[in-house]
Amino acid sequence: MKKKLLAILTAGILALSCAAFTHATDYRVSARGSETHSSAASMALLDGDTGELVFSKNCDARREPASTTKICTAITVLEHFTMLDLPVAIPDEAVGVEGSSLYLQRGEMLTVRDLLYGLMLQSGNDCATALAIIVGDSVDGFVKLMNETAAKAGATNTNFMNPHGLHHDEHYTTALDLCKISYYAMQNETFREIVSTKRHSTPYHNHEYRRNFPNKNKILFNYEGGNGIKTGYTKASGRCLVSSATRRGKTFICTVLNCYDMFEECMRLMDAAFARFPQAE
């Protein structure tokens, strides 16, 4: 009888040990949030209502953010330029910028609001350059404002060198800092409206038709409650995404950097966050 009882107790202890090992492998509590498995090279998920870090992986690792840089570009514009519906002339320096583009043309006039939509939905690098010069008088002047904005948001491990996110050796941020900048930006009503818009159109200089473009962020189309924020990609950065979703008044913001399945991974992580807070379901 004693041998049988000992065997049962030993088996129970082994089972608990195995369960504890598995739990620790997948999900271990860290000093800041819960470090969890992710297909992203680095990741952070914030409570969009409190700013509290919920999940993380290598969240303080410096990485290239690609076009998620434009989150800071947009909120910097919104904080320094109030006449959003004022038509402005497109600077020559913004014509023909490499990468994603709205194909701005010399002599074209667009409102700052339309340029912001082109920046955040179409990911126009030309829009980023135009906005930087219009708001900051020069790209370098605007980048200084961007870094001031990042500092206000609490991003302590970030250094922006341009407004669009094309490669620069000294242009970097972290998953946690991008979440902080996004949390800060989402307090702005106009920013929230822009990044949650699924489709927009602008005038097209010397054309009879308008530019019509969808938002590149599939979270808006494929995830319940999806309401932002920005995609990004360069060869150096890999696929990057900052996403946001709100369900029953509860919001989460998720950043994944260098993540081949960025949309699926953000949705999986936000599902886990909503499950952790069932009152939000």
Once neighbouring chains are kept in place and the probe is 1.4 Å, which whole percent of the accessible area of the chain is contributed by carbon and sulfur? 54 percent
Value of relative contact order over the chain, rounded to a whole percent, pairs C-alpha under 8 Å and six or more apart: 21 percent
Listed residues 213, 160, 55, most fluctuating in the chain (Gaussian network, C-alpha, under 10 Å): 213
Given a 1.4 angstrom probe, what's the average accessible area per residue across region 127-263, in square angstrom? 43 Å²
Given a Förster distance of 22 Å, report the FRET efficiency between residue 151 and residue 85 from their Cβ-Cβ distance, rounded to the nearest 0.05. 0.15
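Peptides 86-98, 120-132, 249-261: what's the order by average Cβ count within 10 Å, highest mean first?
Per-residue mean Cβ counts within 10 Å order the peptides as 120-132, 249-261, 86-98.
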The simple spin-label model distance between residue 138 and residue 224, using points 7 Å out along Cα→Cβ, in nm, is 5.2 nm
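Using DSSP H assignments, which helices in the chain have an axial alpha-carbon span of 30 Å or above and a mean Kyte-Doolittle hydropathy of 0.0 or higher?
2-26
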Would you please state which residues of region 113-127 a label at residue 212 would reach in this model, taking the label point 7 Å out along Cα→Cβ and a backbone N cut-off of under 20 Å? 114-115, 117-124
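Please work out how much length the chain gains when fully extended from residue 93 to residue 106, using 0.36 nm per residue of separation minus the C-alpha to C-alpha distance, in nm with one decimal.
3.7 nm
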Taking mean projected area of the Cα convex hull in nm² straight from the coordinates, which label in (1) 17.2; (2) 24.0; (3) 14.7 is the correct one? (1)
Testing the spin-label approximation: label points 7 Å from Cα along Cα→Cβ at residue 52 and residue 277. State their distance in nm. 0.8 nm
Once the Cβ-Cβ distance between residue 199 and residue 264 is put in as r, and R0 is 25 Å, what FRET efficiency do you end up with, to the nearest 0.05? 0.65
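Can you tell me how region 201-258 classifies by the Cα gyration tensor, rounded, prolate or oblate, using a/c under 1.5 as the rounded cut?
Oblate, because a/c is 1.5 or more while a/b does not exceed b/c.
The values are calculated or read from the model by the stated rules, or taken from the named source; none is laboratory data. Bear in mind the structure is a predicted one, so any value in this text is a computation, not a measurement. Positions of Cβ are backbone-derived with ideal geometry, glycine not excepted, and every protein chain shown enters the neighbour counts. Keep in mind that these areas ignore ligands, DNA and RNA; they rest on the heavy atoms of the full protein, side chains included. Shrake-Rupley method; radii C 1.70, N 1.55, O 1.52, S 1.80 Å.
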